[in-house]
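Worksheet: one structure, shown below.
The values are calculated or read from the model by the stated rules, or taken from the named source; none is laboratory data. In this text the structure is predicted, and so the values were computed from the model without any measurement. Heads up, the Cβs are rebuilt from the backbone with ideal geometry, glycines too, and the neighbour counts pull from every protein chain shown.
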Amino acid sequence: MHKSSIRLGVDIGGTFTDVVLEIDAEQFSTKVLTTYAAPENAIIDGMHLVCNKAGIMPSDIQQIIHGTTLATNALIERRGAKTALITTQGFRDVIEMRTESRFEQYDLNLNLPEPLLPRQMRYTVEERVDAKGNVLIDLDRAKVEAVVDQIAEAGYKSVAVGLIHSYLNDEHEKMVREVLTEKLPDVMVSLSSEVSPQMREYERFNTVVANAYIKPLMKSYLGRLEGRLNNEGVTCKIFLMHSGGGIISIESAADFPVRLVESGPAGGAVFAANIAARYNLDKVLSFDMGGTTAKICLIKNQTPKTSRVFEVARTYRFKKGSGMPISIPVIDMVEIGAGGGSLAHLDSMRQIRVGPESAGSEPGPACYGRGGEKPAVTDADLVLGKLDPDNFAGGSIQLHTKNSAAALEAVLGKTLDMDAQTAAFGLAEVVDENMANAARVHAVENGEDLSEYTMIAFGGAAPLHAARLCEKLGVERLLVPPGAGVGSAIGFLRAPFSFEANRSVYMKLSDFNGSKIQNLLTDLKAESNGFVRNCDASAEILSEFKVYMRYSGQGWEIPIILTEEQAMNPDVDTFERLFEEDYTKLFGRPVEGLDIEITVWSVNATTPAEKVAPVTTLSAKMTADVDKQRQMFDPAQAAYLEASVVLRKQMANGAEAKGPAAITEEETTIIVPASRTAIRQPDGCIDVVVRT
Amino acid sequence: MAKEHSNVAYQVMWNRMISVVEEQAQALVRTAFSTSVREAGDLSAGVYDTKGNMLAQAVTGTPGHVNAMADAVAHFIRRIGRQNIMQGDVYITNDPWEGTGHLHDITMVTPSFHNDALVGFFACTAHIVDIGGRGFGADAASVYEEGLYIPIMKFAAGGEVDKTLVSIIRGNVREPDQLIGDIYALTTCNEIGHRRLIDMMEEFELDDLNGIGTFILENSRRATIERIAGLPRKEATGEMTVDGFSEPITLKVKLTIEEDRILSDFEGSSGLDKKGINCPLVYAKAYACYALKCAIAPEIPNNAASLAPFEITAPENSIVNALHPAPVALRHIVGHFVPDTVYDALDKILPNTVPAEGAGCLCNFQVSLRPRMDAPAPEDAVRSEVLTFNSGGSGARPLHDGLNATAFPSGVMTMPVEATEHAGPVIIWRKELRPDSGGAGAQRGGLGQYMEVGAREGHEFDIQAMFDRVDHPARGRQGGQNGAPTVIIQDDGTKMNGKGKQFVAHGRRVMMAFPGGAGYGNPSDRDAKLVHRDLVRGYISAKVAKNDYGMPDADIADILNTVKKGEAL
């Protein structure tokens, strides 16, 4: 008999814990409320629910893949362990002084976010390495011991070590660890040269501090989770989703918990990448819109774009610079404060502004009838006819169009001399434009032209806005997959084992040293492969080589992908050619006569992407049954049109719903504007394309 | 025939134009070579109508550029001549009076054509590390000594770069690759703005920017004037004195609030200084405007209409209206003190709104490193120019402490020490907060910082100091105490000056303490919890806790003991 593959994906989010059980191609999913005090409880409950649905025992599960927002939340809510930093003398305040600038220049009452560790928890040792990695001042062991004695007296649970230029020379950091481990074996230690061996002290120190800060919490959580699962009869291995879009062992996750930050959204990007593979799409824009934020990610060649640094816990209207930088390999996403619950107001120029303040679930948008008086995006969607008031969230919440109209008129319409419908149009256009702008900027920063892209939309609010975004961005095709409500958890099941190792080492092309490069990349390959080998003893491992290059003197590097052949037999002309091609693509023209340098080297080890069953795209074969008709506003035509309402579950393969139409399901509604038509595909995706 | 547009469409377009200029600025950050641009963000970018009115400006950037650049494009149009403006042109200048205040700022302007018609301009400005001459510093006696002057002219005509100009520039500066790289980066950034503007115009079927321009300017003007109309119709004067170069400088301003404008007249301010800390009016105006906007209309975006109601005047050849050929390289020093002067006056009209005085000007220095000359230098010793931007503490606010080591009014960032040390053979031995430097008050002034700088083995250097507040620390407001003054000295005790180029021998270090912000309100009114917190964190010493805030010895001992035990969290 064919042996089934039985895997479980679990995503702990802020409100819900999503659990997906997959037995071969069949999926059983559930959402349970996240149990903050002991998050493992929700997992156990959810697991039993899906096991019952599928008629299997927990002991039948062969693999569990877990992603969680706990690491992110611990940083946002400052719920980490009592942690100390040991740093180079003279640099005690790096994580507090930040960039010495104000992220909002016109606010006289601006306050900067507090560092994770206040000043009294930051200790220094006399030592110094220079920018070439040479030791200028030796580290004296006795002085380290003296600091460790202070740390012992103060009773820290976790210690971060971040020394200047340690990404070039880690001897001193290792010596600090040696003393700590000897004298305080129970204290957890994180080194910046291991957690994030990259230049720029503020980012590196902040990253190692974040790692140390959440390490005890995450280690204990992961230990408890393993124990609870074992008690329930689970015997299989548990893996963790990391921010770079792959999975790592539970042990690696406990050592480098900062790599778990943003693992949920990373799962969403992997989910979209998998659909891109099914449809053989090389250029995809994933669009995930929920209640409070929207996330946008570029997926090229079925691989989400990655980055080396991102910002977590923004404190000031999602403004760049108001959070803390974390430099780890991460799926490169833009997140803006635009969701179904985002509230609108007028600024002093009578401009409509939307978000980042959100109505949340209490009182919720005005249409919930729970006392909300400000118009939210959902209110605009309702007034514009995009939502059915009697059939929202599967009919579980009755919506009140009157309340929406009143809120729109009071907050926007009165001043702008607009009726509720026009105000709703304005609100929806502004939020759609905000998201489209974020996507455009992200594309330009990556040298991409969105008109060649296909959008994949998931999350509760995305299908309501996705097609309008496509119109604004010149994107011709939109796919809305089934199961979009638990997209991240499904994404976990599609993720490969992977680990990216980085190193900052400077080399000018005029000083090109092929054998040094070979050695460096071979080391990084061994390091990254080791992490993957820990997860799977026999799988094939692919290595992806990337170097970050710039003109000597620039501060911004661009990532250059090398083939294994190019990496293992480095050739200066090839490096130069690859850089100039990419530079020209990004910025229009190369700069003649300047030296080029390589700053960061990276190797990502990954198991091959899971084989997907390709979907043959169906063209329209029949017209979908129309459930009813209703008036729906079409923003491109700036008018209400008669739209068909179609039930998604009743659409057969190849069934077509021509815009203007609303395709409804329990969790959401797909809006098909007049410019588009929608066709159901064999894998259940709704394919929304330009009407010819 | 141009399409009619609704209010909703214009709202979307305005948003888009702000996003376009932001992209323009980001492109500059990513392609620039000077650390001042790429790490510190000393730049600006904006889009203009065909008459040179600024319609939108990037949020990224620093106020001195932001507001100064608003006037620049009109000069370009006048100098180049409307009939000579062609597709593929790029214009350049570093004229201190028609650009942004000193030769070290390169401003570039690119005309934007759509369907062969001129529809507007893109402009951007960046602070570059070297422009030849004496090097970046205050030592020049006239602008002729401060470096290469590039009058408003075509850098590229019809897409062809002027190679003669490039050769002249290359031959006159210390880091030619870097400067030419930056000029190309500026060109690229305008190009990216232009492309995105055209995308927008196509999407909305615009033939020109007249409609959207009018919408932006009218809404901004109305909003700004509404704010001004809500203020008391009063006048008040403000004054402050700072170190200057050869002698102390006094800045004076008279603010008059009228129904639809605010006048700032700097009559009575000091005359020109002999050295290069004089400020062209355009730059003083930028910071006066910035100070007023922060206090009165912070959220209204910068454009021609939102800036127009702030009118600034100053007598010719006063320190804030230096005319050609006065030396102006370090005009930022005076410019950065303009907001504190304006706030001294505004506090008398709008109490409980503006902060106490802060560090004011950035605490910048440039080091010119070279192989040691007193003994044989190692073979790998090099010459190098390294510029760093640093900040003291900002002044305490009516309801909040000042910000520690954070730039105000400037908007630039510091450079990472690790990046600075890759830029040349310099070693930053120390860069950390300076306890006890924030002026005591009900709200405490922000802390300044300590820095120590030396060179790698085998090098000596000149340090170009650009510091103030050695003799004139930030003054407290409403009973708050002064911030700590600037201190600069060598590690062997050799005295140094706050300004000017000074030699530092092989093996020596320069020890600097940058000023703290002043306090706001009486220290005895400070919340005891905050004094406690400051002592725990070491923002203040036991001595200050006792003397300035009256904390009893026993409490101090208790608190310090809990810190040792790790209980003071």
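Observations on the structure shown:
- Taken over the range A:237-270, the criterion of being hydroxyl-bearing (Ser, Thr, Tyr) and crowded, with 22+ Cβ neighbours inside 10 Å is satisfied by A:Ser243, A:Ser263.
- Out of A:Leu478, A:Leu520, one residue alone is modelled with pLDDT of 90 or more and either buried (at least 23 other Cβ atoms within 10 Å of the Cβ) or not assigned by TED's automatic domain parsing to the domain that holds A:Gly593 (or both). It is A:Leu478.
- Considering only residues in the range B:30-43 that are facing chain A (nearest Cβ under 9 Å) and not in a helix (DSSP H, G or I), the one that is surrounded by the most Cβ atoms within 10 Å (Cβ to Cβ) turns out to be B:Ala32.
- Options A:Ala142, A:Ala154; residue that is of a type in the set (Gly, Ala, Ser) and under 21 Å from A:Lys82 (Cβ atoms): A:Ala154
- Filter pass, A:Ser158 being crowded, with 21+ Cβ neighbours inside 10 Å and closer than 15 Å to A:Ser192 by Cβ: yes
- Condition check for A:Ile299: buried (at least 24 other Cβ atoms within 10 Å of the Cβ) and in contact with a strand residue (DSSP E or B) (Cβ under 6 Å, 6 or more places away or on another chain): yes
- Enumeration of residues in the range B:207-252 that are out of contact with any His (no Cβ under 8 Å at 6 or more places or on another chain), under 30 Å from A:Leu473 (Cα atoms) and among the aliphatic types (A, V, I, L, M): B:Leu209, B:Ile216, B:Leu217
- Within the set A:Ala380, A:Ala344, A:Ala359, the sole residue that is surrounded by 24 or more Cβ atoms within 10 Å (Cβ to Cβ), under 19 Å from A:Ser396 (Cα atoms) and assigned by TED's automatic domain parsing to the domain that holds A:Thr422 turns out to be A:Ala359.
- For A:Val32, the conditions (1) touching a residue at least 40 places away in the same chain (Cβ under 8 Å); (2) farther than 19 Å from A:Ala254 by Cα all hold with the exception of (1).
- Single match in A:Leu586, A:Leu594, A:Leu578 (criterion: modelled with pLDDT of 95 or more and not polar (S, T, N, Q)): A:Leu578
- Which listed residue, of B:Ala405, B:Ala381, is in contact (Cβ under 8 Å) with a residue 12 or more places away in the chain and more than 8 Å from chain A (Cβ to nearest Cβ): B:Ala381
- Members of the range B:479-489 that are surrounded by fewer than 18 Cβ atoms within 10 Å (Cβ to Cβ) and either on the phi < 0 side of the Ramachandran plot or among the β-branched types (Val, Ile, Thr) (or both): B:Ile489
Conditions (1) closer than 27 Å to A:Ile250 by Cα; (2) crowded, with 24+ Cβ neighbours inside 10 Å; (3) away from chain B (no Cβ under 14 Å), marked per residue:
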| site | (1), (2), (3) |
| --- | --- |
| A:His442 | no, no, no |
| A:Ile456 | no, yes, yes |
| A:Gly460 | no, no, yes |
| A:Ala489 | yes, yes, yes |
| A:Ala539 | yes, no, yes |
| A:Ser543 | yes, no, yes |
| A:Lys546 | yes, no, yes |
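- Residue that is surrounded by the most Cβ atoms within 10 Å (Cβ to Cβ), among those in the range B:510-545 that are in a loop (DSSP other than H, G, I, E, B) and more than 27 Å from the chain's Cα centre (by Cα): B:Ile540
- Scope the range B:164-208; condition buried (at least 17 other Cβ atoms within 10 Å of the Cβ) and not in a helix (DSSP H, G or I); matching residues: B:Val173, B:Arg174, B:Glu175, B:Phe204, B:Leu206, B:Asp208
- Qualifying residue in the range B:257-273 (condition: in contact with a strand residue (DSSP E or B) (Cβ under 6 Å, 6 or more places away or on another chain), away from chain A (no Cβ under 14 Å) and among the aliphatic types (A, V, I, L, M)): yes
- Selection status of A:Thr87, crowded, with 19+ Cβ neighbours inside 10 Å, closer than 18 Å to A:Ser192 by Cα, in contact (Cβ under 8 Å) with a residue 40 or more places away in the chain and within 11 Å of another protein chain (Cβ to nearest Cβ): yes
- Entirely in the range A:328-393, the strands (runs of 3 or more DSSP E) that have 2 or more residues that are among the aromatic types (Phe, Trp, Tyr) and either touching a strand residue (DSSP E or B) at 6+ places or on another chain (Cβ under 7 Å) or within 27 Å of A:Leu33 (Cα to Cα) (or both): none
- Here A:Pro58 meets each of (1) more than 10 Å from chain B (Cβ to nearest Cβ); (2) closer than 30 Å to A:Glu173 by Cβ with one exception, condition (2).
- Taking the range A:90-204 and the strands (runs of 3 or more DSSP E) fully enclosed by it, the elements with 3 or more residues that are over 29 Å from B:Asp380 (Cβ atoms) and away from every other protein chain (no Cβ under 14 Å) are at A:188-191.
- Single residue of the range A:152-185 satisfying the filter (touching a residue at least 24 places away in the same chain (Cβ under 8 Å) and among the acidic types (Asp, Glu)) that is nearest to B:Met415 (Cα to Cα): A:Asp170
- Lone qualifier among A:Ser190, A:Ser166, A:Ser196 - being buried (at least 20 other Cβ atoms within 10 Å of the Cβ), at pLDDT below 95, under 30 Å from B:Thr420 (Cα atoms) and in contact with a Lys or Arg (Cβ under 9 Å, 6 or more places away or on another chain): A:Ser196
- Answer from A:Val591, A:Val612, A:Val645, A:Val600 - the residue that is surrounded by fewer than 18 Cβ atoms within 10 Å (Cβ to Cβ) and either touching a residue at least 40 places away in the same chain (Cβ under 8 Å) or within 30 Å of A:Gln681 (Cα to Cα) (or both): A:Val612
- Residue match in the range B:385-392 (condition: within 11 Å of chain A (Cβ to nearest Cβ), closer than 22 Å to B:Leu43 by Cα and of a type in the set (Ser, Thr, Tyr)): yes
- The range A:626-641: number of residues that are under 17 Å from A:Ala420 (Cβ atoms), part of a strand (DSSP E or B) and in contact with an Asp or Glu (Cβ under 7 Å, 6 or more places away or on another chain): 1
- Residues that are in contact with a Cys (Cβ under 7 Å, 6 or more places away or on another chain), within 9 Å of another protein chain (Cβ to nearest Cβ) and either β-branched (Val, Ile, Thr) or not in a loop (DSSP other than H, G, I, E, B) (or both) do occur in the range B:7-29, at least one of them.
- Close contacts from the range B:150-176, counting a first residue that is in the same structural domain as B:Trp97 (by TED's automatic domain parsing) and a second that is charged (D, E, K, R) and exposed (fewer than 15 other Cβ atoms within 10 Å of the Cβ), with Cβ to Cβ under 9 Å and a gap of 6+ residues or different chains, come to B:Ile152/B:Arg78; B:Arg174/B:Arg383; B:Pro176/B:Arg170.
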